Amino acid sequence: MIKAGIIGSTGYAGAEIVRILMRHPEAEIVWFGSRSYKDMPYASVFRNMTNIVDAECMGENMDELADAVDVIFTATPQGLCASLVNEEILSKVKIIDLSADFRIKDVAVYEKWYGITHPSPSYINEAVYGLCEINRKDIAGARLIANPGCYTTCSILSSYPLVKEGLIDPDTLIIDAKSGTSGAGRGAKVANLYCEVNESIKAYGVTSHRHTPEIEEQLGYAAGREILVNFTPHLVPMNRGILATSYASLMPGVTADQVQQAYEKYYGNEYFIRLLPQGELPETRWVEGSNYVDIGWKIDPRTNRIVILGALDNLVKGAAGQAVQNMNILFGLDEKTGIDFVPVFP
């Protein structure tokens, strides 16, 4: 059995890791880390875990944790994992970090967009960007995984084949994404109160959202050069889900058949990416509670642009599910192990 520890187990993403690992046949949780609820029964924080989890919340001592587990998940705010990690810890355990600390390779870009000094830049180049369907070969031999963000997972996977194959002009890429409120975290914020969110939709982080450089960097690798994208996120009054709608100009002469062949080339054999039949478009309700990404697209011949849509559950494939998928790869398990559940409906 893989022994797992979770730092930040009482946030939304951390709690989702707990939910997933409680049914994982090859893993067990031995450390429920939480700064806010230390020494409290975990089931008193999340009562859905009554008679399922009988452990108490522990602290965030990564040195002590590294001696007790095989893998550490850090579902914490930016800066914490990078402040705790060191060579001794990495010599003992695998770390899967759900924050942005190791996602961006240029430390100056990270510090600019996140507004903090990076505590351990020496590990940035070693960290593997844990987008499983694209980087699984590098993931398999890693000891530090930078688990991608939810918006970025949806946005990158939706457009990656077309950028990689040179079928679109990536500098024309515009991404308009909507997320449920769980993406903002569990912390108490006035802007996320029920009365502030319900019966409304709003854009935020316009031209300045922190996932922008992550999307640009990863799609830039696919394009073979630096690219710039417009990324605008929106908050919608639902618990879970992301729908990313991307717009881009097709390169001259590109046909619908070429687009379909590109998606089949990269994702035709991917279990967790569902390519919808032409004419069908993704909806968040069909991926809720699952590790699936649904992708659909449509060409507008009038403008020679393509509209690409992707949908996923921001807490599963956009966070905890992908983290466990990374764990499965790291430990040589079938990627689907423990995360092959059917989406919840209604």
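When A248, A262, A177 are screened for being among the aliphatic types (A, V, I, L, M), surrounded by 14 or more Cβ atoms within 10 Å (Cβ to Cβ), on the phi < 0 side of the Ramachandran plot and in a helix (DSSP H, G or I), only A262 passes.
When the test is whether a residue is hydrophobic (A, V, I, L, M, F, W, C) and surrounded by 18 or more Cβ atoms within 10 Å (Cβ to Cβ), V307 does not pass it.
When Q218 is tested against (1) more than 18 Å from the chain's Cα centre (by Cα); (2) within 29 Å of K164 (Cα to Cα), just one condition goes unmet, and that condition is (1). Within the range 252-300, the set of residues being free of Cβ contacts under 8 Å to residues at least 24 places away in the same chain and within 27 Å of I17 (Cα to Cα) comprises N269, R274, L275, D294.
Going through the range 287-304 one residue at a time, which ones are surrounded by fewer than 16 Cβ atoms within 10 Å (Cβ to Cβ) and not basic (K, R)? Before you say what the answer is, go through the steps one by one.
Step one: filter the range 287-304 for residues surrounded by fewer than 16 Cβ atoms within 10 Å (Cβ to Cβ), giving 298, 300-304.
Of everything in the range 287-304, those that are surrounded by fewer than 16 Cβ atoms within 10 Å (Cβ to Cβ) and not basic (K, R) turn out to be D300, P301, T303, N304.
Here V342 fulfils each of the conditions (1) outside the structural domain of H209 (by TED's automatic domain parsing); (2) surrounded by 14 or more Cβ atoms within 10 Å (Cβ to Cβ) apart from (2). Of all the criteria given as (1) touching a residue at least 60 places away in the same chain (Cβ under 8 Å); (2) out of contact with any helix residue (DSSP H, G or I) (no Cβ under 9 Å at 6 or more places or on another chain), the one not satisfied by E199 is (1).
For the range 68-79, the criterion of being among the charged types (D, E, K, R), outside the structural domain of E214 (by TED's automatic domain parsing) and over 30 Å from Y271 (Cα atoms) is met by no residue.
For (1) touching an Asp or Glu at 6+ places or on another chain (Cβ under 7 Å); (2) modelled with pLDDT under 95; (3) over 30 Å from R35 (Cα atoms), each residue gets a yes or a no:
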position: D171; (1), (2), (3): no, no, yes
position: G185; (1), (2), (3): no, yes, no
position: N192; (1), (2), (3): no, yes, no
position: H209; (1), (2), (3): no, no, no
position: P213; (1), (2), (3): no, no, no
position: Q218; (1), (2), (3): no, no, yes
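Being assigned to a strand (DSSP E or B), modelled with pLDDT of 95 or more and in contact with a Lys or Arg (Cβ under 7 Å, 6 or more places away or on another chain), is that true of even one residue in the range 11-34? So far as the range 11-34 goes, yes, one or more of its residues are assigned to a strand (DSSP E or B), modelled with pLDDT of 95 or more and in contact with a Lys or Arg (Cβ under 7 Å, 6 or more places away or on another chain). I need a count of the residues in the range 239-275 that are farther than 15 Å from Y160 by Cα and small (G, A, S). Within the range 239-275, residues that are farther than 15 Å from Y160 by Cα and small (G, A, S) number 3.
Within the bounds of the range 206-215, is there any residue that is over 25 Å from R285 (Cβ atoms) and in contact with a strand residue (DSSP E or B) (Cβ under 6 Å, 6 or more places away or on another chain)? Outline the logic, then answer.
Within the range 206-215, the subset over 25 Å from R285 (Cβ atoms) is 206-208, 210, 212-214.
Retained after the next criterion (residues that are in contact with a strand residue (DSSP E or B) (Cβ under 6 Å, 6 or more places away or on another chain)): 206, 212.
Yes, the conditions are met somewhere in the range 206-215.
Exactly one residue out of R186, R240 is farther than 20 Å from S158 by Cβ, touching a helix residue (DSSP H, G or I) at 6+ places or on another chain (Cβ under 8 Å) and in contact (Cβ under 8 Å) with a residue 60 or more places away in the chain, and it is R186.
Do we have any residue at all in the range 214-223 that's of a type outside the set (A, V, I, L, M, F, W, C), surrounded by fewer than 22 Cβ atoms within 10 Å (Cβ to Cβ), in contact (Cβ under 8 Å) with a residue 24 or more places away in the chain and on the phi > 0 side of the Ramachandran plot? No, the range 214-223 has no match at all.
The values are calculated or read from the model by the stated rules, or taken from the named source; none is laboratory data. Keep in mind that this is a model prediction, so the values were computed, not measured. Reconstructed Cβ throughout: ideal geometry from the backbone, glycine too, with neighbour counts over all protein chains shown.
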